[in-house]
Each structure stands twice: as structure tokens, then as C-alpha cells.
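The values are calculated or read from the model by the stated rules, or taken from the named source; none is laboratory data. Quick caveat: nothing in here was measured; it's all calculated off a predicted structure. All Cβ positions, even for glycine, are placed from backbone atoms using ideal geometry, and neighbour counts span all protein chains on display.
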Amino acid sequence: MRMAIRERLIQAVPEVSGRVYEPQAAGPKVEKPYLVVKQGVEAEESPWMGFRRIIEVWPYISRTTFQQVDALAEKVVAALDGQLLMTKAGEAFTCHYLGTVGADFVDEDWDAITRGLQFAVLALQPVEIPEMVANDPWLEALAKWTEGLLGVTWTVYRNFWPLGYKRPSVMWRLTRIGIENQTRAAFRVTKAVQGHVLGRTPNEELEGTARIVQELGAAVKIPLDLVTRRYLQVEAPAVDYRLDALATGQVTVMLSRLTTRPAEEVSLIWHVYSNGTWR
């Protein structure tokens with residue numbers, strides 16, 4: 001993965017003339033400007049995101065002006081943020097720009113000025129999702145509805161970000177299931193769903209998010225099974241543009257349906273927790 005990032009920076013940032021190093025290979029005698037790539041921690045984020053690895057890129061410039069650091073930093077962000085990269089093993093991944101690492105820095109030892117740029121590499125490996133979640137018919141119905149709404153230029157995922165996820169795309173995942181008695185013979189089943197809308201640009205992301213929420217509100221119902229004329233009620237679609245598209249998801253919506261057979265709409269067991277010892 002680190003090699004794929006290095007090769008991308010060499011191709012997309014000609015100002016450094018191929019000088020992209022790991023920390024131990026850089027130093028005061030290296031011709032400037034150059035880039036230093038550092039690999040940070042790796043952590044399991046969530047079932048839908050898999051593993052996240054932090055990568056830092058530090059552009060080093062001669063001690064002139066930080067405007068030159070700004071210009072080089074912009075090239076680095078443009079080269080990596082949202083770009084689909086491929087490892088030699090054939091694994092695809094995307095870098096997500098997180099921001100700077102602290103303030104501008106004057107490196108006295110290396111006689112340079114620099115600033116750290118932090119990126120997250122997400123979905124580094126396939127994530128195992130329980131079969132009943134991946135095949136949930138309600139989520140599938142919502143995904144199909146979204147595909148029809150946004151068209152073939154958008155990709156719609158179910159429950160998790162896969163390796164090599166594309167932009168623009170939407171990922172829907174179940175967050176909560178509930179069953180309520182309405183009458184002695186009827187039950188109201190509800191499923192809360194979170195939507196992640198990821199665009200190639202901020203404007204595309206905003207436009208896609210707004211369109212989904214507006215059309216969900218106007219639709220009122222979406223088809224679950226047209227043959228049997230079963231529909232899902234759409235309740236309270238909402239959006240929070242401040243939330244992270246990859247990690248949290250900006251769209252929330254509640255789907256509901258009245259039924260006499262709630263077991264057909266939900267699994268008998270979704271999660272099992274144990275605390276203690278068996279005797």
C-alpha cells in the first residue's frame with residue numbers, strides 16, 4: 001500500500017522529481033523539495049468500514065516561504081484524496097484526506113520547512129458481514145430504489161464499504177430493528193437505516209445527499225415486492241451534512257410496515273452477547 005501511494009505521488013507531483021522517501025531515507029543532504037511518507041496506526045474502525053490505516057505525507061521545502069509548502073501540499077492532496085489506488089497484490093483502496101498534522105513546522109536539523117498532511121486509508125481488507133444482514137430484503141429494496149433514482153453513474157453498496165469502493169457512491173446499512181403490537185393480530189416492524197453518500201467533489205456529495213432525502217420524503221412509500229404489492233413506509237428522512245460520509249453517514253431514514261407475521265420481516269436473532277462463564 002505504501003509503495004502504491006509513493007508511486008502515485010511520483011506520477012502526480014512532478015515538482016519533487018521522484019524524491020518521495022520513507023523517514024529513514026530522508027535527511028538534510030537530500031535535494032529539496034521532497035516528500036516523506038510515514039505510516040501510522042492501524043485500527044479496526046467498524047463492521048462497515050473494516051480497518052483504517054493512517055498515512056502522513058510531509059512536503060519538505062527549503063527555508064524560504066510557507067506559500068511554497070501550501071502549493072506543494074495542494075498537489076499532494078489532489079493526488080491522493082479520493083483517488084482509487086492499487087497495490088501490487090491487486091488490492092484497491094482509496095485515501096481520504098483528514099487535514100493537517102499540527103501547525104507549520106521549521107525543521108532545524110534538516111534545514112527545511114514542512115507541514116504534515118494526514119490521510120486515512122479505509123476498507124483495507126474484506127469485512128465479514130452476517131448473511132442475514134447482507135440479504136435483508138428491506139435494505140435491498142432501498143438500494144434498488146436508490147439505483148433507480150441516481151442512475152448508472154452512481155454505485156450503491158449494502159452494509160459495508162468494499163475494497164476498491166467507487167465514487168460517486170451510496171452505502172446503506174441497518175442500524176436498528178423494532179417490532180410493536182398494533183392490534184392483537186397486527187405488528188408494526190420498523191428498521192432504521194443509515195446512508196453514506198460519497199461524491200467525487202463536495203458539490204456532488206451535497207447534491208446527491210439532498211436529492212436522496214428530498215425524493216425519500218416525496219416518495220412516502222417504496223416498493224418491497226411489486227408482485228405481491230408490498231410496500232415500505234418511509235418515515236422521517238433527514239440529513240446532517242456535518243457528518244463524515246465514510247465513517248458515520250449523513251442520511252437517516254426509518255422504514256416501516258404492518259404485518260401479521262413479524263418473523264418474516266426480521267431475523268429471530270440478530271446479535272448474541274455473553275458476559276460471564278458457563279456452568
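Yes or no, residue by residue, for (1) of a type outside the set (Asp, Glu); (2) modelled with pLDDT under 95; (3) within 21 Å of Asp136 (Cα to Cα):
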site: Gly199; (1), (2), (3): yes, yes, no
site: Glu207; (1), (2), (3): no, no, no
site: Val220; (1), (2), (3): yes, yes, yes
site: Thr228; (1), (2), (3): yes, yes, yes
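Cβ-Cβ contacts under 6 Å between residues 6 or more apart (or on different chains), taken from a first residue in the range 6-34 that is farther than 20 Å from Gln67 by Cβ and modelled with pLDDT under 95 to a second residue that is assigned to a loop (DSSP other than H, G, I, E, B) and of a type outside the set (Gly, Ala, Ser), are listed as Pro28/Trp110; Pro28/Asp111.
The set of residues in the range 76-91 being in contact with a Cys (Cβ under 9 Å, 6 or more places away or on another chain), within 24 Å of Arg19 (Cβ to Cβ) and in a loop (DSSP other than H, G, I, E, B) consists of Gln83 alone. Looking at Leu224, Leu206, just one residue is crowded, with 18+ Cβ neighbours inside 10 Å and hydrophobic (A, V, I, L, M, F, W, C), and that residue is Leu224. Under the condition of being in a strand (DSSP E or B) and touching a helix residue (DSSP H, G or I) at 6+ places or on another chain (Cβ under 7 Å), which residue from the range 239-253 is nearest to Val156 (Cα to Cα)? If we take residues in the range 239-253 being in a strand (DSSP E or B) and touching a helix residue (DSSP H, G or I) at 6+ places or on another chain (Cβ under 7 Å), then Val251 is nearest to Val156 (Cα to Cα).
Output the residue which, of all residues in the range 54-66 that are within 31 Å of the chain's Cα centre (by Cα) and surrounded by fewer than 19 Cβ atoms within 10 Å (Cβ to Cβ), is modelled with the highest pLDDT. Among them, the one singled out is Glu56. The residue that is nearest to the chain's Cα centre (by Cα), among those in the range 105-119 that are under 20 Å from Glu31 (Cα atoms) and in a strand (DSSP E or B), is Gly116. For Ala236, state whether it is among the aliphatic types (A, V, I, L, M) and modelled with pLDDT under 90. Here the answer is no, as Ala236 does not meet what is asked.
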